[in-house]
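Notes for the one structure printed next.
Just so it is clear, none of the values below were taken in a lab; they were calculated from the coordinates. These figures come from a predicted structure and were not determined experimentally. Backbone-built Cβ (ideal geometry, glycine too); neighbour counts: all protein chains shown.
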Amino acid sequence: MLMRKLAAFAGACFMAGLSGSTSAAGAVRGSTTSPAPPIASVSGDPALSPRLEAWRKLGFGMFVHWGLYSELGGVWQGKPVTRGYSEQIQSFANISSADYAKVAERFTATKFDADAICALAKDAGARYIVVTSKHHDGFAMFDTKSTDYNIVKRTPFGKDPLKLLSTACRKIGLGFGVYFSLVDWYAGHAFDPDNNNPIPVSMEPLIEQQLRELMTNYGTIAEVWFDMSAPTPEQSRKFAAIVRELQPQAAINGRIWNNVGDFVTLGDNQAPPPGLQPPFEVPASIYHETWGYRSWQKREDAAGKVRELVRGLAEARAHGGNYLLNIGPMGDGSVVPFEAQVLRGIGAWLRAHPGALDVGHPALAEKVAVAAPDGSIRIARKDWSAGTSFGFRNGYTTQYPTTVVLSAAVSSPTARTVMLHFEGGSSPANARYRITIGDQVRDQGEAQGLSTDFGPFELPAAHTLPLTIRLVQPAFPAQDMQLNFDAVQLRPVSAKKESAP
């Protein structure tokens with residue numbers, strides 16, 4: 001349904017790139033007497049926890065980057081700062097802490113309207129918002145007792161925008177989330193173009209106190225969006241534990257690093273690659289050049305921008321992921337009119353296409369492996385499709401690809417009972433795998449090696465069934481399977497008995 005809607009809106013060319021299926025039928029190993037059934041579209045979608053499934057059903061969120069940098073608008077000392085994102089202007093313009101702190105003195109935000117911002121998100125079709133509580137500049141955009149370097153104590157505005165926004169969200173049924181930078185220039189981090197700063201032990205109490213305040217003072221939190229730095233695994237676990245203690249329903253993004261988060265955060269404005277498996281979120285900005293307000297940003301062709309962003313949203317949802325689209329309000333708190341126009345255009349399209357935000361399921365197109373005359377089926381490793389994800393070590397540049405599910409499709413002309421056998425299989429000693437054929441699930445036993453057959457499985461006559469292999473209990477959603485084999489055989493039980501001595 002979603003695919004047809006998108007085709008009508010964006011054209012057949014766009015849909016050809018969005019579709020995950022293929023049009024040619026084929027067989028991996030065919031019977032000489034039975035034609036190959038059509039290619040099956042096999043879902044690699046894992047069963048998520050109720051907590052993560054509730055987050056994934058939100059689907060579409062509005063990101064809000066607002067801070068002292070918004071007052072500068074990408075300009076320092078009368079000149080545009082053309083290097084880097086404008087929310088990081090302090091670093092790219094090499095502004096001292098003392099000079100940057102003076103910006104707070106003129107931060108009046110006279111046009112900030114939490115109700116209007118949340119209403120815009122609702123008009124756009126978003127179901128949650130995520131707001132910058134503290135960016136790399138270390139200036140807290142909330143009322144904190146950890147430092148006086150915050151919006152309540154240092155600015156003429158003098159209010160807590162997170163409190164106002166969280167209240168406004170609850171009034172109209174939007175989820176509320178917070179962005180939290182693990183880089184803090186005010187607390188002592190040096191300017192690093194890659195924002196890959198380690199976190200000294202001396203900075204941990206500040207981070208912990210601020211996280212506890214954020215998780216305590218703003219009602220139910222839907223998502224916590226950590227960003228940058230290079231924490232140790234112990235630090236990542238410690239910070240995540242605070243969230244899980246105080247907001248157990250909140251989804252934690254992958255940029256807490258060290259594979260501690262609940263879902264993968266793709267790169268800025270990155271489209272989901274083919275085969276990517278949920279859970280994941282696409283962070284997108286109306287302009288790829290910046291997230292924070294930039295006064296000199298080129299803004300044109302709102303209709304074209306709506307089409308571009310609808311494509312991105314639809315692609316993320318079709319793959320089973322979430323889409324978080326950013327706006328950067330001006331220093332006075334008002335939303336840039338062009339951004340409001342684009343968001344309302346997206347909302348109009350979504351209202352015209354009910355169901356467009358429904359959770360998609362990533363399809364892995366398959367050739368069908370058809371039983372040979374003796375009833376056996378053999379699928380070589382090269383004939384499996386891989387569902388993929390990304391793991392992370394301790395920072396943005398440490399991403400590595402993983403395989404989280406292997407997928408195939410099988411068919412037998414006659415009804416058969418089969419056992420699954422790995423040829424040349426190897427895996428880590430502590431890995432256990434779940435094999436699913438159709439709706440039949442078999443988990444590898446604690447002491448069962450890959451040399452032992454799995455099953456039994458029932459293959460009905462002339463039906464094509466999906467066959468998937470994944471870890472029984474991955475340590476984190478993107479954990480690599482680390483499964484190697486030459487081929488998988490499905491052996492008829494009767495043939496196996498006849499060949500036994």
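Return the sequence-ordered ³J(HN,Hα) values of the stretch 131-142 in whole Hz as given by the Karplus equation 6.51 cos²θ - 1.76 cosθ + 1.60 applied to θ = phi - 60°, using x for Gly and Pro.
Per residue, the Karplus-derived 3J(HN,Hα) values read 10, 5, 7, 7, 9, 4, 5, x, 7, 6, 8, 8 Hz.
Restricting everything to alpha-carbon atoms, can you work out Rg to Rh for the stretch 62-212 with a Kirkwood hydrodynamic radius?
That ratio equals 0.96.
Identify which of the listed values of Rg/Rh (Cα atoms, Kirkwood Rh) was calculated from the structure shown: (1) 1.04; (2) 0.97; (3) 1.10.
Structure-derived value, by its label: (1).
If you take all C-alpha pairs in the stretch 51-308, what percent of them are over 24 Å apart?
Percentage above 24 Å: 47.
Consider all pairwise Cα distances in the stretch 429-491 and report the whole-number % of them above 12 Å.
72
Hey, got the dipole for the chain? About the Cα centre, +1 on K and R Cβ, -1 on D and E Cβ, debye to the nearest 20?
Approximately 820 debye in magnitude.
For LYS367, go through the aspartates and glutamates and keep the ones whose alpha-carbon is under 15 Å away, minus same-chain ones fewer than eight residues off.
Output for LYS367: ASP383.
State, to one decimal in nm, how far the label point of ARG212 lies from the label point of HIS288, with both points 7 Å from Cα in the Cβ direction.
It works out to 4.3 nm between the two label points.
For TRP76, list long-range residues whose amide hydrogen, built 1.01 Å from N in the peptide plane, is under 5 Å from its own amide hydrogen.
Answer set, sorted by chain and number: VAL81.
Within 10 Å, count the other beta carbons around each residue, average over each peptide in 57-66, 126-135, and list them highest first.
Top of the packing list down: 126-135, 57-66.
Using 1/(1 + (r/R0)^6) with R0 = 60 angstrom and r between the beta carbons of ASP113 and GLU458, what's the FRET efficiency to the nearest 0.05?
According to the calculation, E is roughly 0.45.
Only Cα pairs under 8 Å and at least 6 apart count here; give the relative contact order of the stretch 365-499 as a rounded whole percent.
Once normalised by length, the contact order is 35 percent.
Kindly write out, for the stretch 223-228 in residue order, the coupling ³J(HN,Hα) from the Karplus curve 6.51 cos²θ - 1.76 cosθ + 1.60 (θ = phi - 60°), rounded to whole Hz, with x marking Gly and Pro.
For the stretch 223-228, the Karplus-derived couplings read 8, 10, 10, 6, 8, 6 Hz, x marking Gly and Pro.
Do you know the relative contact order of the stretch 51-308, to the nearest whole percent, from alpha carbon pairs under 8 angstrom that are 6+ apart?
Relative contact order here is 20 percent.
For a 28 Å ceiling on Cα separation, which of these pairs sit above it: LYS79/LYS102; LYS57/LYS163; LYS111/LYS298; LYS57/LYS382; LYS102/LYS305?
LYS57/LYS382; LYS102/LYS305
Less than 16 Å apart at the alpha-carbon level, and either on another chain or at least 8 residues along: which aspartates and glutamates does that give for LYS134?
Within reach: GLU71, GLU87, ASP143, ASP148, ASP160, ASP184, GLU204, GLU208, GLU213, GLU223, ASP227.
Quick one: what are the phi-derived ³J(HN,Hα) couplings along the stretch 309-319, Karplus 6.51/-1.76/1.60 with θ = phi - 60°, whole Hz, x for glycine and proline?
6, 4, 4, x, 4, 5, 5, 4, 5, 5, 8
On a full-extension model of 0.36 nm per residue, what is the gain between VAL201 and ASN430, subtracting their alpha-carbon distance, rounded to one decimal in nm?
79.1 nm
With a Förster radius of 45 Å, plug the Cβ-Cβ distance of SER451 and GLU53 into 1/(1 + (r/R0)^6) and report the FRET value to the nearest 0.05.
Calculated transfer efficiency: 0.80.
Quick check on the chain: of the DSSP beta bridges with both residues there, what percent are antiparallel, nearest 5%?
If I count the DSSP bridges inside the chain, around 55 percent turn out antiparallel.
Can you pull the one-decimal nm distance between simple spin-label points at ARG351 and ASP374, each 7 Å off the Cα toward Cβ?
Computed distance between label sites ARG351 and ASP374 equals 6.5 nm.
Over the chain, what relative contact order in percent results from Cα pairs under 8 Å that are six or more residues apart?
19
Would you mind telling me the antiparallel percentage of the DSSP bridges in the stretch 51-308, rounded to 5?
10
For the chain, what is the calculated [θ] at 222 nm in deg cm²/dmol (nearest 500), taking -39500 (n - 2.57) for each run of four or more DSSP H residues and dividing by its residue count?
Result for the chain, helices only: -7500 deg cm²/dmol.
At R0 = 30 Å, how high is the FRET efficiency between VAL441 and LEU246 if r is their beta carbon distance? Nearest 0.05 is fine.
About 0.30, to the nearest 0.05.
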